[in-house]
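The values are calculated or read from the model by the stated rules, or taken from the named source; none is laboratory data. None of these values were measured; they are calculated from a predicted model. Cβ sites come from the backbone with ideal geometry, for glycine too, and all protein chains shown count toward neighbours.
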Amino acid sequence: MSLLVSDDRRALERAVLEARGVAERAAHTALGYLAVDAREPGTHLSCDERALRVNLRALHRRLGSYEAVVRACAYQQWHRMFFSRFLADCGLLIHPDAGVAVSLTECEELAQDEPGADRWTIAARYASAMLPGIFPQDDPLLKVRLMPEGRRRLETVLESLPDAVFTSDDGLGWSYQFWQAARKKAVNEAERKIAGDDLCAVTQLFTEHYMVQFLLQNTLGAWWLSLHPESPLRAKWAYLHPEVRHDFSGWPSTAAEITLLDPCCGSGHFLVEAFHMLLDIRREESGGGTDVIASVLRDNLFGLELDARCVQIVTFALALEAWKAGYSPTAQLPLPNLACTGLPVATTRDAWAALANGDTNLAGELERLHEIFSNATELGSLIDPGRMGNLLVHPDELLAALGRALQREKNVADPVARVFGEAALGCVRAFDILQRTFHLTITNPPFLLTSKASDVLQRFCRAAHPEARKDLATCFVERCGSFTKPGGLYALVNPQNWLFLGGDRKLREKMLNGQQWLAVARLGENGFESPQAAGAFTALLVFANRRPTAEHVFLGIDASAPKKPAEKAAILREAVVGEEGQQPA
């Protein structure tokens, strides 16, 4: 595992902060030229520019504001270049015709044959061909042409970054936290109720690697060693504590059957680490080749996220790791089980039902989906379809029927219907994951006192999670339990205060009486490297979705005293545990 050293991380932070400012100013200028925020297109636009403007105005209506379109355009333009350099530096940028890897220098040579092109134009085109689900060729935001001065400045920023960023395993995750930093600061200073897109900016925080390893090794790793106690993988899992009293009697006996969900997957740290653990496990189990890589992505891993940009990053991160692990970048990867739970629903229920083109059953289910997802931009993975009854149509049938309906919609020259239709399809994919249960649910949920959240979010938390309603993170403790199969495990990074404050007594009693506690690692303050986490007092929690017995004990580790994350990590690795499964005082 290659992690960024502090100097490289600071260089990445400076570059990403500058890139967002440059990209948003350049996007504002380009969209202004296209008159996206004006009633009329103006006479200066060509036929192609007018057609692009129509698509961008449809996106404007779905996103709800011109500023949101500017931010989305800036994000797409920068990240297509950013991801392209990741691929190039890892030797994975593939020429679409020759099927061989090309460098940025070779992209520059290829660009000489195209008027107006440069190496980043060529690299971005090749990246788009490799990852059409991340950078769709028909995405109107990617067809916007930034003015030359903006493009050159972004290129300069990108080229200034050290090579280590693009060969690291955490560069992607840190980059998105830094991308959101300025907006997070602005929202906090505004002191307004936090809702919608602000929620993503305020709560985004890259999970420390030692937290990810501790939680995964004492859940997924412990399951594997319960079946194969002599496995050589034990030597790789430094945070695993065999003292934890697990009962895996309800779990599968093969890794191919394991399902794992991160319902707040952010930039994908848990899913990437789980990918490598499962790949190691399945190769030890069966010896498999590259088909095992595809199977891990297709069968084992699931992710949900409020922020669609994070879904894009996770998809790229998993594809990158699959290619690094030996999967051919010229072969088709299976579609990862990832979905955005925060897709905006900006049109009416009747408009959604109309996508069924006369199919009464499909129309009825689309109306129900519209109701469920009408507040999705704030509720995200807290949405629990189990509380609203079952679908009359199986999710697979609904996906297939909706796909047929959308295909017909694409034959109609109505970009609004197309944009909204694709949002509806995304909601069905999210619904399919939201209504499932998993052997392991694991996440670092958003930390936010609901007193600071919107009225919609406050009302939902009071109704759905009355004992846990004080913080989104504690609401997710309960939601993770409902995501988990009976006898399965769920593990979270969480605020530590609910473990002892008087105001949280009812939640503690509910959890202690209703669920088996397996491990609690108290981290206290300074568990994160990022200064954006200042004031957060955290703990790592592992539960089993079953009632405890009178004799049950759980592992407790106190790592709150040290002031640096590395020192806390050392305690989690090296803690000596007493006979009763708890750390001695």
Extreme residue, nearest to the chain's Cα centre (by Cα), among residues of region 182-233 that are assigned to a helix (DSSP H, G or I) and of a type in the set (Ser, Thr, Tyr): 203
Any chance residue 174 is part of a helix (DSSP H, G or I), modelled with pLDDT of 95 or more and at negative phi: no
Residues satisfying the stated conditions in region 125-166, i.e. in contact (Cβ under 8 Å) with a residue 60 or more places away in the chain, in a helix (DSSP H, G or I) and closer than 24 Å to residue 90 by Cβ: 130, 142, 151, 154, 155, 157, 158, 160, 164, 165, 166
Among the candidates 342, 326, residue that is in contact (Cβ under 8 Å) with a residue 60 or more places away in the chain and assigned to a loop (DSSP other than H, G, I, E, B): 342
Region 10-47: number of residues that are among the basic types (Lys, Arg) and either without any contact (Cβ under 8 Å) to a residue 40 or more places away in the chain or not assigned by TED's automatic domain parsing to the domain that holds residue 171 (or both): 3
Set 469, 436: member being free of Cβ contacts under 8 Å to residues at least 24 places away in the same chain and surrounded by fewer than 22 Cβ atoms within 10 Å (Cβ to Cβ): 469
Checking residue 96 against (1) part of a loop (DSSP other than H, G, I, E, B); (2) under 23 Å from residue 22 (Cα atoms), the condition it does not meet: (2)
Flag for residue 225 being modelled with pLDDT of 90 or more and surrounded by 22 or more Cβ atoms within 10 Å (Cβ to Cβ): no
Members of region 459-470 that are more than 15 Å from residue 380 (Cβ to Cβ) and either within 24 Å of the chain's Cα centre (by Cα) or among the charged types (D, E, K, R) (or both): 459, 462, 467, 468, 469, 470
Search result, residues across region 440-466 that are surrounded by 21 or more Cβ atoms within 10 Å (Cβ to Cβ) and of a type in the set (Val, Ile, Thr): 441, 442, 443, 450
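Per-residue answers, yes or no, for (1) farther than 17 Å from residue 136 by Cβ; (2) at pLDDT below 95; (3) out of contact with any Phe, Trp or Tyr (no Cβ under 9 Å at 6 or more places or on another chain); (4) not assigned by TED's automatic domain parsing to the domain that holds residue 56:
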residue	(1), (2), (3), (4)
74	yes, no, yes, no
77	no, yes, yes, no
80	no, yes, no, no
84	no, yes, no, no
98	yes, yes, yes, no
113	yes, yes, yes, no
Complete set of residues in region 70-91 that are farther than 15 Å from residue 122 by Cβ and among the aliphatic types (A, V, I, L, M): 70, 72, 74
Subset of region 273-314 [closer than 30 Å to residue 375 by Cα, out of contact with any helix residue (DSSP H, G or I) (no Cβ under 7 Å at 6 or more places or on another chain) and of a type in the set (A, V, I, L, M, F, W, C)]: 308, 311
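Residue-wise test of (1) touching a strand residue (DSSP E or B) at 6+ places or on another chain (Cβ under 6 Å); (2) assigned to a helix (DSSP H, G or I); (3) modelled with pLDDT under 95.
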site	(1), (2), (3)
235	no, yes, no
245	no, no, yes
250	yes, no, yes
261	yes, no, no
264	yes, no, no
278	no, yes, no
281	no, yes, no
285	no, yes, yes
291	no, yes, yes
Residue in region 398-440 that is farthest from residue 483 (Cα to Cα), counting only those that are of a type outside the set (A, V, I, L, M, F, W, C), out of contact with any Asp or Glu (no Cβ under 9 Å at 6 or more places or on another chain) and modelled with pLDDT of 75 or more: 426
